[in-house]
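Q: Supplied in structure tokens, the structure appears directly below.
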Amino acid sequence: MNNFRNRPKDNYIQEATWEQLYVLTEHWKSDLLFYKDDLRFLHHLIDKYFMWISKKENIDRVSEIEEGLIEMDKKCDALLNTIDTHLHHLAQLIDDPFIFVADTFRNEHEGLEDHLAQFLKDFRKNRKEVFAITEHIIDGEEMVRQLNVVSK
């Protein structure tokens, strides 16, 4: 899937204590909350410049990017819910280490990490697209506005 890992070393998830995995998962949650705020900023950025768009091609591009951001919002919310459940299960494991099968739970933890890595990859791609279209609109649409001002 993806070789990107947030853990300190390759076999960390299999060797870490439940408390260490809990701290790592809390870190993931903190990162996701940051990305959620960043998504809110990206939506605001698009909304701010959308009203100045006059070219249909730019409107279409911005609409596609906005749809991508909405999808990222959904993925972020789903991951936050999954992490909250995961944190609850980790807390249970700290209290009673025999409540879940350890190997199965650790494998699920790795899977969650893979989902987070994919989210981050998609998030960065969408962020780059938002900045690219915003820059394109500012540069391209600015000429149209200047021509309109001069002709009045």
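Laboratory data are not the source of any read-out in this text; all were calculated from the coordinates shown. Treat the numbers as computed from the prediction; the structure is a model and nothing was measured. As a convention, Cβ positions derive from the backbone with ideal geometry for all residues, glycine included, and neighbour counts pool all protein chains shown.
Q: In the structure displayed, which of Lys29/Lys74; Lys74/Lys125; Lys29/Lys121; Lys36/Lys125; Lys55/Lys75 lie more than 22 Å apart, Cα to Cα?
A: Over 22 Å apart, Cα to Cα: Lys55/Lys75.
Q: Still on this model: Label points 7 Å out from Cα along the Cβ direction at Ser30 and Lys56: separation in nm?
A: 5.0
Q: A further question follows. Through the Karplus equation 6.51 cos²θ - 1.76 cosθ + 1.60, θ set to phi - 60°, convert the phi angles of the range 73-86 into ³J(HN,Hα) values in whole Hz; use x for Gly and Pro.
A: Once θ is set to phi - 60°, the couplings for the range 73-86 become 4, 5, 5, 5, 4, 5, 5, 4, 5, 5, 5, 4, 5, 4 Hz.
Q: Please work out the Cα convex hull volume for the range 12-151 and give it in Å³ per residue.
A: Spread over its residues, the Cα hull of the range 12-151 gives 93 Å³ apiece.
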